[in-house]
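Okay, structure first, notes after.
We did not get these values from a lab; they are worked out from the coordinates using the rules stated. Treat the numbers as computed from the prediction; the structure is a model and nothing was measured. In this analysis, Cβ positions are derived from the backbone assuming ideal geometry, glycine residues included, and neighbour counts consider all displayed protein chains.
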Amino acid sequence: MKHLALPVSDQERSRRFYESYLGFDAEPARRYDGGVLMLYNADGFSLALGPAEEPIRLPEFLHFGVHLPSREAVETFRDRLRADEVPIAEEWDEPEYVSVKFLDPDGYVIEAAWEPHLR
């Protein structure tokens, strides 16, 4: 998968969040028809932030994630989220899996995780 489209309540707030925490500042952001703001990361993944026309309602299980290169990278990222007071939804710390789930400004759950078999 190389693209995700999300409705958001405040595009600039979401833009700052995704640029700051998930590296979606690899290329200049672009605006498209319908007011869609497109962000890009260094892996070529594109994130479309569309203006929400109604309240955002999320199913409980819905989340998306990023893989980090090590246990320590997840722990460092988690510490940064805490320091910045980004809401943390869940944490896991097992020998073969480390994860932190956190919330974006609209309540989307994002998971940053490490599993040694994923490279």
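A few points about this structure:
- Here the chain is described by how far its Cα atoms reach on the three principal axes: 46, 28, 26 Å, from widest to narrowest.
- Cα-based convex hull, region 58-119, per residue volume (Å³, whole number): 77 Å³
- Considering all different alpha carbon pairs of region 1-55, the Kirkwood hydrodynamic radius works out to 11.1 Å.
- Applying 1/(1 + (r/R0)^6) with R0 = 25 Å to the Cβ-Cβ distance of Asp93 and Ala29 gives a FRET efficiency near 0.10.
- Residue ranges 77-89, 40-52, 13-25 sort as 13-25, 40-52, 77-89 when ordered by packing (mean number of other C-beta atoms within 10 Å per residue, highest first).
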